[in-house]
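Values in this text are rule-based calculations from the coordinates and carry no lab data. Note that the coordinates shown come from a computational prediction; the quantities given were computed from them, not determined experimentally. Cβ placement follows ideal geometry from the backbone for every residue including glycine, while neighbour counts extend to all protein chains displayed.
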Amino acid sequence: MSAWGTSERDRPLWKCPICGREFANANQWHSHGQSLDDYLADKTPVAVDLFMAFAAAVRECGDYRMHPAKTRVAFITRMSFAGATLRRDWIDVGFILPYRSDSPRFRRIEDYGMKHEWAHYLRISRVEEIDAEVRRWACDAYRVGLQEYPWQRGKTDG
């Protein structure tokens, strides 16, 4: 709970007056994107199929919104929790996880240095790579997006 008696995840979302995109933080920086159809229009069938399979796997975690921008599509609940960039024959995906994974599947991991969150990036070249492990990461990231973790609710361990 915050000093005002409400948790972060109970606060109403801020809505950008220009694009209508919703954020957990007021005046959150963002680009005003395009439609998903416009984003996918010039992508290869292979990349689109991989993206749609990934989006379906993430949907298994719960409802979310997609916000396409110039270079990627963000997956958002209260906060962005995953993203996908379509390449010619693969997609690069990223998750915000509440832990640092030691899986060799991740090509890069970035420590955000706050709130116990790490960005994890991997490449998906075949639909079969969207397996139980990727689905688990997606759902862990989804909970970060919902602000379900104690440090996101303003609570401490002590």
*Provide the FRET efficiency to the nearest 0.05 for the Arg135-Asp42 pair, computing r from the beta carbons and using R0 = 25 Å.*
0.30
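Quick one: length gained pulling Arg87 to Asp49 fully straight, 0.36 nm per residue minus the C-alpha distance?
Working: separation 38, 0.36 × 38 = 13.68 nm, distance 1.17 nm.
Using 0.36 nm per residue and subtracting the Cα-Cα distance, I get 12.5 nm.
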*How high is the FRET efficiency from Tyr112 to Gln34, r the C-beta distance, R0 25 Å, rounded to 0.05?*
0.40
*Once label points are set 7 Å from the Cα along Cα→Cβ at both Arg11 and Arg105, what is their separation, rounded to one decimal in nm?*
3.3
*Quickly work out the Glu60-to-Val127 label distance, labels modelled 7 Å from Cα along the C-beta direction, and quote it in nm with one decimal.*
1.4
*Compute the relative contact order of segment 33-152 as a whole-number percentage, counting only Cα pairs closer than 8 Å that sit 6 or more residues apart in sequence.*
26
